[in-house]
Amino acid sequence: MSYLDTAKGQKLFGLYLKQYDGGSQRVYRSEIQQFFGSGNYDIQDITKEILHVYREKIAGEHSPKTTKRKFSIVNNFLKFLEKKVKGFQNPIVSLADFKTHKGVKSDDLKKYLEGFIASQNTHNTKRSYENLIKLFFTWANKDLCEISKADVMAYRDYLRKNSYKDTTIWNKFISLNRFFKHIERENRKFRNPIIFRELSLVFPKKDKGYYSVLSVEESKRLLQQPDRKTDIGKRDYAILLFMLVYGLRANEVSGLRHKHLEHDRVKGQQKVWIVDRKGRHQNRPSTPIILNGKALLAFDAWIDTVKDNGIKITGELPIFLPFIYDRVDHGLVIRRDRLPNALSVKSVENIVARHIKKADIRREGAVLSAHALRHTAFTTLAQEKVRIQDIQKLAGHQDINTTMIYVHSAQSYEDHPGMHNPLNK
């Protein structure tokens, strides 16, 4: 006979249920009866061990959300009994000791995360998103279905309290927001708990060096830094030319694969497709660049180096490969153990930074970034009177207004449009 079948148990059970009306009372009655009836428990039988067994039983039959609700109802009744029955103590000190969720091990989370990561195009993006999303769920220690707006706000406060940079916090929530939007598309019942404007996040500002433009003389000095007699120098020289001539971003250089090359050359020129360019998801243009001149010569010299090192060229092989110091040969050699992985974006940025430092190119109060080479490329083209529409295509900009920044940067003291206004003569 369970405690609820005793006279005192029936009396207290009825008193407890008076707090609830209609459907809620029926639910509470059913859930509490299920618990006591599952083992015909008397009140002195209820221990931590018994509760753990019950938690495992219902967890095996129901979703994490339902399991949590059922267990919470039992816990509330035991709290009530603790106040009414002398000598009885609720074994549940904290629900955290009776976890009803699996966190990052949740099957639902795994399923949605796998689908979301698969929809990303670059290895680095996939790895970054997966890490940032798992970090949130590890911190929250909840299942996907339990995440609420309050959890999102608490996570923001936690990050700020622990002195995370504004840029880091922004990137974390961008990742989470995109993941939750992906789930909304897959599951009509799911609602994204993130309302971005209510988070009041600080939009990350670019370092001043991000928008810097190198002069033609500085660009030439930069290109003189790699030692083109060495294998690594040939690689670095080609990378710098790709960025200074065609305005490729660091991630676009990192993402280049041999499968992105056109098979046949036309008029001795090589077409390369730049994929997964910056833009809205599923609206990112793939745009071609045509290698010619010094850029093509540098490309060919580097590819010949790869072949001379006995590396088999396949479609998935990155165009630019990592190097490592060989203690036997006492020199830098292509890092075969990492193939077919490419240079990371950070590695490309470090290559640029190293040669900028060697070239002694400086800007007061600013650190020159790899992105400065992109601005240099398009500003130089604008100065050379290349059509803005052609620069837009080369840059892969979806909006020509984005490209207009380079026209403004190209204004010249030698021939400013204002000089041609008759009112100014």
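With respect to the conditions (1) crowded, with 16+ Cβ neighbours inside 10 Å; (2) touching a Phe, Trp or Tyr at 6+ places or on another chain (Cβ under 9 Å), Val306 lacks only one, and its number is (2). For region 1-42, the set of residues classified as among the hydrophobic types (A, V, I, L, M, F, W, C) and at pLDDT below 85 consists of Met1 only. Residues in region 285-299 that are without any contact (Cβ under 8 Å) to a residue 60 or more places away in the chain and within 34 Å of the chain's Cα centre (by Cα): Ser286, Pro288, Ile290, Leu291, Ala295, Leu296.
Tallying residues that are outside any loop (DSSP other than H, G, I, E, B) and among the polar types (S, T, N, Q) within region 337-354 yields 2. Checked against the criterion of being modelled with pLDDT of 95 or more, charged (D, E, K, R) and either surrounded by fewer than 23 Cβ atoms within 10 Å (Cβ to Cβ) or assigned to a loop (DSSP other than H, G, I, E, B) (or both), the candidates Arg221, Arg235 yield just one match: Arg221. Restricting region 300-355 to residues that are closer than 22 Å to Glu262 by Cα and basic (Lys, Arg), the residue that is farthest from the chain's Cα centre (by Cα) is Lys307. Would you check if there is a residue in region 37-50 being in contact with a Gly (Cβ under 8 Å, 6 or more places away or on another chain) and within 28 Å of Asn141 (Cα to Cα)? There is at least one residue in region 37-50 that is in contact with a Gly (Cβ under 8 Å, 6 or more places away or on another chain) and within 28 Å of Asn141 (Cα to Cα). Among the residues making up region 389-404, those that are among the hydrophobic types (A, V, I, L, M, F, W, C) and at pLDDT below 85 are Ala395, Ile400, Met404. What's the number of the condition Thr168 fails, among (1) exposed (fewer than 15 other Cβ atoms within 10 Å of the Cβ); (2) without any contact (Cβ under 8 Å) to a residue 12 or more places away in the chain; (3) out of contact with any Leu (no Cβ under 8 Å at 6 or more places or on another chain)? Result: Thr168 passes all but (3). Considering the conditions (1) in contact with a Gly (Cβ under 7 Å, 6 or more places away or on another chain); (2) at pLDDT 95 or above, Ala298 is excluded by exactly one of them, (1). Pairing residues of region 219-233 that are farther than 20 Å from Asp329 by Cα with residues that are part of a helix (DSSP H, G or I) and small (Gly, Ala, Ser), at Cβ distances under 7 Å and at least 6 apart in sequence or on separate chains, gives Pro226/Gly233. Within the set Ser175, Ser163, the sole residue that is touching a Phe, Trp or Tyr at 6+ places or on another chain (Cβ under 9 Å), of a type outside the set (A, V, I, L, M) and not assigned by TED's automatic domain parsing to the domain that holds Leu373 turns out to be Ser175. Within region 48-64, the residues that satisfy the criterion of being of a type outside the set (Val, Ile, Thr) and under 17 Å from Gln34 (Cβ atoms) are Leu51, His52, Tyr54, Arg55, Glu56, Lys57, Ala59, Gly60, Glu61, His62, Ser63. For Ala250, the requirement of being assigned by TED's automatic domain parsing to the domain that holds Phe320, under 21 Å from the mean Cα position of the chain (by Cα) and either more than 23 Å from Ile133 (Cβ to Cβ) or not hydroxyl-bearing (Ser, Thr, Tyr) (or both) is met.
Given region 82-198, what helices (runs of 4 or more DSSP H) lie entirely inside it while holding 2 or more residues that are modelled with pLDDT under 85 and among the charged types (D, E, K, R)? Even if it seems obvious, please write down each step before you answer.
Working: elements: 107-118, 123-140, 149-161, 166-186.
Output list reads 107-118, 123-140.
The values are calculated or read from the model by the stated rules, or taken from the named source; none is laboratory data. Quick caveat: nothing in here was measured; it's all calculated off a predicted structure. Using ideal geometry, Cβ is built from the backbone for each residue, glycine included, and neighbour counts are taken over all protein chains shown.
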